1. Of the residues His194, His206, which single one is touching a helix residue (DSSP H, G or I) at 6+ places or on another chain (Cβ under 6 Å), at pLDDT 95 or above and surrounded by fewer than 22 Cβ atoms within 10 Å (Cβ to Cβ)?
2. Tell me which residues, restricted to segment 1-40, are in a loop (DSSP other than H, G, I, E, B) and either over 17 Å from Gln82 (Cα atoms) or acidic (Asp, Glu) (or both).
3. Which of the residues spanning segment 106-128 are crowded, with 23+ Cβ neighbours inside 10 Å and over 17 Å from Ser83 (Cβ atoms)?
4. Can you name the strands (runs of 3 or more DSSP E) wholly within segment 198-315 that have at least 3 residues being over 18 Å from Glu138 (Cβ atoms)?
5. How many of the residues in segment 163-176 are surrounded by 24 or more Cβ atoms within 10 Å (Cβ to Cβ) and within 23 Å of Pro135 (Cβ to Cβ)?
6. State the number of residues belonging to segment 132-176 that are farther than 21 Å from Leu79 by Cα and either outside the structural domain of Phe89 (by TED's automatic domain parsing) or among the hydroxyl-bearing types (Ser, Thr, Tyr) (or both).
7. Are there any pairs with C-beta distances below 9 angstrom linking a residue in segment 56-68 that is assigned to a helix (DSSP H, G or I) to a residue that is crowded, with 19+ Cβ neighbours inside 10 Å and of a type in the set (S, T, N, Q), with the two at least 6 apart or on different chains, and if so which?
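The values are calculated or read from the model by the stated rules, or taken from the named source; none is laboratory data. All values reported here derive from a predicted model rather than from experimental measurement. Neighbour counts are summed over all protein chains in view; Cβ atoms, including those assigned to glycine, are modelled from backbone coordinates with ideal geometry.
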Amino acid sequence: MPKSTLITGCTGQDGSFLAELLLLKGYTVYGLVRRLSSPNVTNIEQVRDRIHLLDGDMTDQSSILTAVKESKPDEIYNLAAQSFVATSFRQPVLTADVDGLGVIRLLEAAKELVPDARIYQASTSELFGLVKETPQNEHTPFHPRSPYGVAKLFAFWACANYREAYGMHVSNGILFNHESERRGLEFLTRKVTHGVARIAKGKWDHIELGNMEAKRDWGYAPEYVEAMWRMLQQPKPDDYVIATGESHSVREFVELAFREVGIEDWETYVRTDPKHIRPAEVYTLCGDSSKAKRILGWQAKTKMPQLVKIMVKADLERVGA
């Protein structure tokens, strides 16, 4: 029989790539989706007829229980989250409920109904926040700098606790920034590549950004979902940093994006607005994924310059003439 999997957040960037990967591997895929008046299923449109969509919400225990009962998953990938850091400062309680307590709800449902299921929790480099060392690895102390990071820290330790207390196969993927042509427009990288494409086509005259000196470790999302799957194929659960090992500034990303469309005097088209500055900034993130390479056989192939090319090309095609 094919394996069954439940993916929360299956309509997002990572969820859609993961669903495609697992379908290729012969899984029966169930996806938990929130009931919205206008569901956003664009990312899964090409495989929507092959995914069993289940209504549910990470703030509603009964819907999670129902989804787990119906899917009877061998593997659970929890990718659902309020994942925009800026929003977490404006909606900290909602962020804590979805990203923190939502994980407990899912773990409890799994413990009760499918205790042998293997579970992946989408953790984040935002746990490191005010970094204590560079690069960051699985032993680097955490110091989150946003309500999002704090909620994800709660979830990280909840997963470790359920693993130790109940013997559940729960792994945390501490993923550094990973982007793609499916990234939401509210996120920095898509805001840049979408804006650059519109400027190149004469439809906009500028984009507004925040801290240009912040440095991030940017990788390509389809490669990162492969790492998620590999974690759940291991005999023992564990936590892994997933990253490229390279750090680049926002300024570098922006300059490369404009260069892709032949614009050299890019500063003319960029405005800095204080409203895009975080109340507590995360200045530099750079991951050491040597453990993932050693145990999972995983390493990033696509680095930041190639990632920029992929995203700008896709946005130019979207914007059109």
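1. Result: His206 is the single residue among His194, His206 that is touching a helix residue (DSSP H, G or I) at 6+ places or on another chain (Cβ under 6 Å), at pLDDT 95 or above and surrounded by fewer than 22 Cβ atoms within 10 Å (Cβ to Cβ).
2. Across segment 1-40, the qualifying residues are Met1, Pro2, Lys3, Lys25, Gly26, Tyr27, Ser37, Ser38.
3. Leu107, Ala110, Ala117, Ile119
4. Because the criterion is at least 3 residues that are over 18 Å from Glu138 (Cβ atoms), the strands (runs of 3 or more DSSP E) in segment 198-315 that meet it are 207-209, 270-272.
5. Counting residues in segment 163-176 that are surrounded by 24 or more Cβ atoms within 10 Å (Cβ to Cβ) and within 23 Å of Pro135 (Cβ to Cβ) gives 5.
6. 3
7. From residues that are assigned to a helix (DSSP H, G or I), the pairs are Ile64/Thr8; Ala67/Thr8.
Let's see how each residue does on (1) assigned by TED's automatic domain parsing to the domain that holds Pro274; (2) among the aromatic types (Phe, Trp, Tyr):
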| residue | (1), (2) |
| --- | --- |
| Thr193 | yes, no |
| Ala197 | yes, no |
| Ala200 | yes, no |
| Lys203 | yes, no |
| Glu208 | yes, no |
| Asn211 | yes, no |
| Val225 | no, no |
| Phe253 | yes, yes |
